[in-house]
Amino acid sequence: MEAAKQGIITEQLRRVAEKEHRTVEELLPLVAAGQVVICANKRHKSLDPSGVGAMLKTKINANLGISGDIKNYAEEVKKVELAVKMGTDAIMDLSSHGNTQPFRQQLIRECPAMIGTVPVYDAVIHYQRDLSTLTAADFINVVRLHAENGVDFATMHCGITRETLSQIKGGHRKMNIVSRGGSLLYAWMTMTGEENPFYEHFDEILDICREYDMTISLGDACRSGCLADGTDNCQITELIRLGELTQRAWARDVQVIVEGPGHLAMDQIQANMKLEQTLCHGAPFYVLGPLVTDIAPGYDHITAAIGGAIAAASGAAFLCYVTPAEHLALPNINEVRQGIIASQIAAHAADIAKGVPGARNQDDKMAAARQKLDWDAQWQYALDPETAQNLWEARKPNDLDTCTMCGKFCAVRSMNKALAGETIDIL
Ligand code: SF4
């Protein structure tokens, strides 16, 4: 951000311009103003830099990492390989068990995608001490450790404060706090009587971020965890605070992403995007869904993709994927795949709607391939070629220029023949 403010074109900016089909001159003022961020820790040498901003291609993130119940790092590595192969822009390691450092270091050594973490989770397992015994310095030291490791963006729940305790205790929320990091900080503040260290020592955190060029993802501890809590006092008070912290970070040339809801009814999504853009001064919005209904466990990749598409078309820059296992279990590799595809569809649909340059090219090529009944070309332009091809081949038609849906009643085939003046032989 400092380079951009001084008009210096970095190698990262040049690469982002190339990937986004933009000129460096177009991007430079957006990075300087904080409206586009390039999450690129100085120590992440394997990174292929990406830009995050509402006017760019919508980016997607896949959450990975082990839990105390399922601690198979080999499986997580397979998920990382899949996520990278499928073109995920970012991977967040949310590991919450054991020594997390080797996996984090492997990610940073090998992964071209942006790497994000949530240091507050790691604090408890890093020190192997109970939450109430941790000090503000302990939390900040873990932020430093992640920055030194090369993490590109770190989620920090800086906007939950002691004021939030009384809002939540007021009992107006159905789901209280559903953010893992937010709930830990709430519990820590309750047990110690102290202020949130990520809020109180924000300047020290900025020093660390500035030193390593680590972007802050301002966590939404008070995101709505059900439709009933959407856009309430607690969520908006935190968002106002995140807007203030955004300006403090920008004054120190630290890049910021703001995290957002959560569960939201469809009619509230656009207003929430507008509120974030206004209250957080155009900082890129990173939404966790939003899930548009609470009643579809097992299918929340779909509820999130509906919300994500509306959010991104209305100004969100970055979508965190949701898998079918959301609310239920640590996702397996197949669920990770479904989450990524659902999120990619939402992001792509939004990019077409908001006119991101070149966004519709692949759709137009797919339409041409469909019109020619050119199946090989259709696999080439499909978001998930393997699934598409397997479906067609598993139920192959007698006439290979159709599919078993309509066979000789194929509308495309009939029209092609009719327009060419040929006879249409159905029987
Ligand atoms: S057979 Fe029907 S579904 Fe299949 S390609 Fe032709 S029109 Fe489309």
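Since every read-out is calculated from the coordinates, none of them should be taken as a lab result. What you see is a predicted model; the values in this text were computed from it and never measured. All Cβ positions, even for glycine, are placed from backbone atoms using ideal geometry, and neighbour counts span all protein chains on display.
Okay, which of region 118-143 sit inside 11 Å, backbone N to the point 7 Å along the Cα-Cβ direction of Glu204? In region 118-143, the label zone of Glu204 (backbone N under 11 Å from the point 7 Å along Cα→Cβ) covers 135-143. Derived scalar couplings between HN and Hα for region 277-289 equal 4, 6, 6, 10, 6, x, 5, x, 9, 10, 9, 9, x Hz in order, rounded to whole Hz, by the Karplus curve 6.51 cos²θ - 1.76 cosθ + 1.60 (θ = phi - 60°), x for Gly and Pro. Listing Ile240, Ile108 from fewest to most neighbouring C-beta atoms within 10 Å gives Ile240, Ile108. Site pair Lys42 and Glu148 shows an inter-label distance of 1.4 nm when each label is modelled 7 Å from Cα along Cα→Cβ. Provide the per-residue ³J(HN,Hα) series for region 65-70, in order, calculated from phi with Karplus coefficients 6.51, -1.76, 1.60 and θ = phi - 60°, each as a whole number of Hz, with x at glycine and proline positions. Once rounded to whole Hz, the list reads x, 7, 10, x, 7, 10. Would you mind ranking Phe409, Phe318 by Cβ crowding within 10 Å, fewest neighbours first? Taking fewest neighbouring Cβ atoms as first place, the list is Phe409, Phe318.
If the chain linking Glu386 and Ala265 were pulled fully straight, counting 0.36 nm for each residue of separation and taking away their Cα-Cα distance, it would gain 40.2 nm. Distant-in-sequence amide contacts of His263, defined by a placed amide H-H separation under 5 Å and a gap of 5 or more residues or a different chain, comprise Ser224, Gly225, Cys226, Leu291. Between Thr190 and Ile236, the contour length at 0.36 nm per residue exceeds the alpha carbon distance by 14.4 nm. Proximity of backbone amide H atoms, modeled 1.01 Å from N, is registered between Ile257 and Ile216, Ser217, Leu218 at under 5 Å, excluding neighbours fewer than 5 places apart on the same chain. Between Tyr299 and Glu75, the contour length at 0.36 nm per residue exceeds the alpha carbon distance by 78.4 nm.
Coupling constants for region 19-24 follow from the phi torsions by the Karplus curve (6.51 cos²θ - 1.76 cosθ + 1.60, θ = phi - 60°), and in residue order they are 5, 9, 6, 10, 8, 5 Hz; glycine and proline get x. Note on Lys365 and Thr133: with the Förster distance fixed at 56 Å, the Cβ-Cβ geometry gives a FRET efficiency of about 0.45.
Label separation (Ile333 vs Arg162): 5.0 nm, computed from points 7 Å beyond Cα along the C-beta direction.
Look at Leu264, Leu206 and count the other Cβ atoms within 10 Å of each Cβ; fewest to most, that gives Leu206, Leu264.
Annotation for Ile9 and Glu422: the two label points, set 7 Å from Cα along the Cα-Cβ direction, are 5.1 nm apart. For Met92, the amide hydrogen comes within under 5 Å of the amide hydrogens of Ala62, Asn63, Leu64, Gly116, counting only partners 5 or more places away or on other chains and with H modelled in the peptide plane.
Shown is the FRET efficiency for Glu26 and Arg248, computed with R0 = 22 Å from the Cβ-Cβ distance and rounded to the nearest 0.05: 0.20.
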